[in-house]
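The values are calculated or read from the model by the stated rules, or taken from the named source; none is laboratory data. No experiment lies behind these values; they were computed from the predicted model shown. Positions of Cβ are backbone-derived with ideal geometry, glycine not excepted, and every protein chain shown enters the neighbour counts.
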Amino acid sequence: MMPATKESWNEFAARLQEKGFAALAIDLRGHGRSTDKNGTRLDYKEFKDSEHRESMKDIAAAKEFLKGQGVDISGMAIAGASIGANLALWQASIDKDVLLLILLSPGLNYRGIQAAQLAPHYSGPVYILTSEMDATNAAQSSRELFKIFPGDKELNIRQGNSHGTNMFIQEPDLIDKLLEWTTNKIYKY
């Protein structure tokens, strides 16, 4: 989520770990302390759409990191907020190891990442969370995506105008809802 960092997922990740799940939050390129191969800091504000799409490599690298740590990545859940939601959907649409998908404030088109074209290619459980008055029109995008997803799906549109992980600040109980959904679905599938 622009301009958020991986720390916006800390509470959710920590609570997953308390339940015995491996959890990893990452900074997409241009966020937080991310650098290029030469150690130069990257700034998402300077990216072209094609550079934002390159963030898919960050998700693939995170998966490889987990595998290298001995984590069984078959049956993994992936979550993202804002542009991260679209990137998470992209990964889920091409990765058979993704069992569950959590999307916070997804858009139909974030920086050229076309969610409506990706959604039909993911048939696993998906939880979509957004705010009704989100300035990016994420609620309408979420409604449209909800119709497209072919599998088990849930849409939760909250009152307010928070975007992405900022919804956790406005409504901390949302983390409990996501944990309950994740736990129930992981053990069901």
TODO: Kindly list, by first and then second residue, each pair from a residue in the range 112-139 that is more than 21 Å from SER74 (Cα to Cα) to a residue that is assigned to a strand (DSSP E or B) and at pLDDT below 90, limited to pairs with Cβ atoms under 9 Å and residues at least 6 apart or on different chains.
DONE: ALA115/ASN109; ALA116/ASN109; THR136/TYR110
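Can you tell me which residue among ASP152, ASP97 is among the charged types (D, E, K, R) and in contact with a Ser or Thr (Cβ under 8 Å, 6 or more places away or on another chain)? Please lay out each step first, then the result.
Working: ASP152 fails: in contact with a Ser or Thr (Cβ under 8 Å, 6 or more places away or on another chain).
The match here is ASP97.
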Task: Options LEU179, LEU174; residue that is in contact (Cβ under 8 Å) with a residue 40 or more places away in the chain and either surrounded by 19 or more Cβ atoms within 10 Å (Cβ to Cβ) or assigned to a loop (DSSP other than H, G, I, E, B) (or both) - done: LEU174
Open item on the list: If SER131 meets every condition in (1) at pLDDT 95 or above; (2) out of contact with any strand residue (DSSP E or B) (no Cβ under 9 Å at 6 or more places or on another chain); (3) over 24 Å from TYR189 (Cβ atoms) apart from one, which number is that one?
Closed with: (2)
Open item on the list: Restricting to the range 82-109, and then to whatever is of a type in the set (Ser, Thr, Tyr) and buried (at least 23 other Cβ atoms within 10 Å of the Cβ), can you tell me which residue is nearest to the chain's Cα centre (by Cα)?
Closed with: SER82
TODO: Hey, could you check the range 140-168 for residues that are within 17 Å of the chain's Cα centre (by Cα) and among the aliphatic types (A, V, I, L, M) and say which is nearest to ALA115 (Cα to Cα)?
DONE: LEU145
TODO: Count, please, the residues in the range 110-128 that happen to be modelled with pLDDT of 95 or more, over 12 Å from GLN91 (Cα atoms) and within 15 Å of the chain's Cα centre (by Cα).
DONE: 5
